[in-house]
Every structure is written in C-alpha cells, then in structure tokens.
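Please read the structure below before turning to the comments.
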Amino acid sequence: MSDIQKIKILIIDDHTLFRSGLKSLIQREAESKYEVVAEAADGLEGIKQMSKHNPDIILLDLSMPVMNGKETLQQIMNINPEQMVLMLTVSEDAADLTECMQLGASGFLLKNIEADFLLTSIDRALKGDTVFSPEMTQKLLNQLISKTTTNKRDEIEAEELDSTKAKVAELTTREREILAYVAAGESNKQIARCLDVAENTVKVHVQNILKKLEVNSRVQAAVIAVQFNIQADN
C-alpha cells in the first residue's frame, strides 16, 4: 500500500521515552496509514517542525519546558487556524480541557488511553470531530453546567441591579439626601438637625425611602446608597 499517502503526524512532548514509545505504537499498529514525520521536545522546536513538515495532525503534550502546551497551541493556531491538534496529557483538570478547546484544540486525550482509542481519535479528529478521553467527558459536562449556572447567576444579579437602579431613580431629591445621611449612620434626630426639619418629617421620609426601594431596614437602604454612590452635600 505504498501508493497510499500516509497521514503525517508530529509528536511534541518533552519525554523522550514517551515520544519513542508513541511513535512505535502508531507506526506498528497502523503501518500503512500513519507516519510520524517529526518529533520535538518543546513547543518552540515543535513549531519549527510543523512549518517544515506540514503535518496532518499534531499530538501535543500540555506540560513542557520552554513553551508549555497551551502557549504552543496558541502559536500553532495563530500560524494555521486549520491545523488539527490533539492534546495528549496526564492532566484531568477540566479547566485545562476547556481552555485548550477554546484555543482551538481538536481533542483532549489522557496518556493512559488504549492504543486503539488513540488511533480512532486521530481518525475522528481528521474528519472534524472533537474527541475526549472518556474520563474527561463528565468533567467537561460539569464544567459547562457550572459555567451556565454562573452565567445565570450573573444575569439575575444584572437584572436585580437594573431593577434597583430604577427604584433609586424614583426617589425625590430630599429622599436621596436623607438616604445619604442614613448611609453615613446618622439617626433621624441627627438628620433632622442637619436639615433643620422636624424629626417626624425625617421619619416619614425614611419610611417612604424603604417602601420605594422595597427593603425592610435602614441597613439595606444604606447598602444601596453606597452601591449607587449617593452622598450628602456637606
């Protein structure tokens, strides 16, 4: 089957024995289909070999000296956004997985995978599929769920902020002034003295402020005053 063009593979990994073993495994298991055209012990050398050999797919270690896997992946994508790259690592960190996928990796495989799974993953990646080690699938799902929950919480907080802003806008100038004094920790008597009004008048204003802001205490109102930088004129 010498007339068939082989799939060119570049291995970038700082462990010599691992590279050697991986190369032997790939070429022994599918000698007529794959060819390891080059190896590199770090990211910088890997990028040079990529430019020289134009591999169909790159097997890239995550943790390396000189230039780590993520930095190397980013450089590879800058040079050729269409380059297929499979991360091959011992890391089971879901954050590493998601970051690599965001950078453009075609898959994230653990180094303890079986040879058949690796070769199948290479084939699938070349067809455009995204591939993961089975152990990482649930981790990725949990990460996405967590991110969705966080985003939802942020949306709720943003909606609450907009709602509170609208409530603050309903306050009169006098109510905003009194709210600022409340936030400063002043009592109704002290506020009345500062504004030269009756203490009962201040009490009524405070009740109206709490009602408009839909809060139950002066402390909650004070938090809103600080949040929206409502200050008394001295």
Could you pull out every residue, at least 5 positions away or on a different chain, whose amide H is within less than 5 Å of the one on ILE7? Hs are placed 1.01 Å off N in the peptide plane, and Pro or chain starts have none. TYR34, GLU35
Using the Cα atoms as the points, what is the convex hull volume per residue of region 7-135 in Å³? 91
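For n ≥ 4 DSSP H runs only, could you compute -39500 (n - 2.57) per run for the chain, divide by its residues and tell me the 222 nm figure to the nearest 500?
-19000 deg cm²/dmol
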How large is ³J(HN,Hα), in whole Hz, for each residue of region 195-206 in order, when computed from phi with the Karplus curve 6.51 cos²θ - 1.76 cosθ + 1.60 and θ = phi - 60°, using x for Gly and Pro? 9, 6, 10, 6, 4, 5, 5, 4, 4, 5, 4, 4
Peptides 44-54, 15-25 ordered by average Cβ neighbours within 10 Å, highest first: 44-54, 15-25
List, in order, the whole-Hz ³J(HN,Hα) value for each residue of region 77-91 obtained from phi through the Karplus relation with A = 6.51, B = -1.76, C = 1.60 and θ = phi - 60°; use x for Gly and Pro. 5, 5, 6, 9, x, 8, 5, 7, 9, 10, 6, 10, 8, 9, 6
Relative counts (whole %) of C-alpha pair distances in region 155-234, using bins that are 10 Å wide: 19, 56, 20, 5, 0
Setting aside same-chain residues fewer than 8 positions from LYS167, which lysines have a Cα under 24 Å from its Cα? LYS152, LYS203, LYS211, LYS212
Normalising by the residue count of the chain, find the relative contact order in percent from Cα pairs under 8 Å and 6+ residues apart. 12
Please list 3J(HN,Hα) in residue order for region 53-60, calculated via the Karplus relation 6.51 cos²θ - 1.76 cosθ + 1.60 where θ = phi - 60°; whole Hz, with x for glycine and proline. 9, 6, x, 6, 8, 10, 9, 10
Can you spot the lysines whose alpha carbon is less than 28 Å from LYS52's alpha carbon? Ignore those fewer than 8 places along the same chain. LYS6, LYS8, LYS23, LYS33, LYS70, LYS111, LYS127
In whole percents, the bins of 5 Å from zero upward hold the Cα-Cα pairs of the chain as 1, 6, 12, 13, 11, 7, 4, 4, 4, 4, 5, 6, 6, 6, 4, 3, 2, 1, 0, 0, 0
Taking the chain as a Gaussian network, where each spring joins two C-alpha atoms under 10 Å apart, which residue of ASN80, ASN68, ASN216 fluctuates the most? ASN216
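Every read-out reported here was derived from the displayed coordinates using simple, explicitly stated rules and does not represent laboratory data. Since this is a predicted model, take the numbers as computed values, not measurements. Virtual Cβ from ideal backbone geometry, glycine too; neighbours counted across all protein chains shown.
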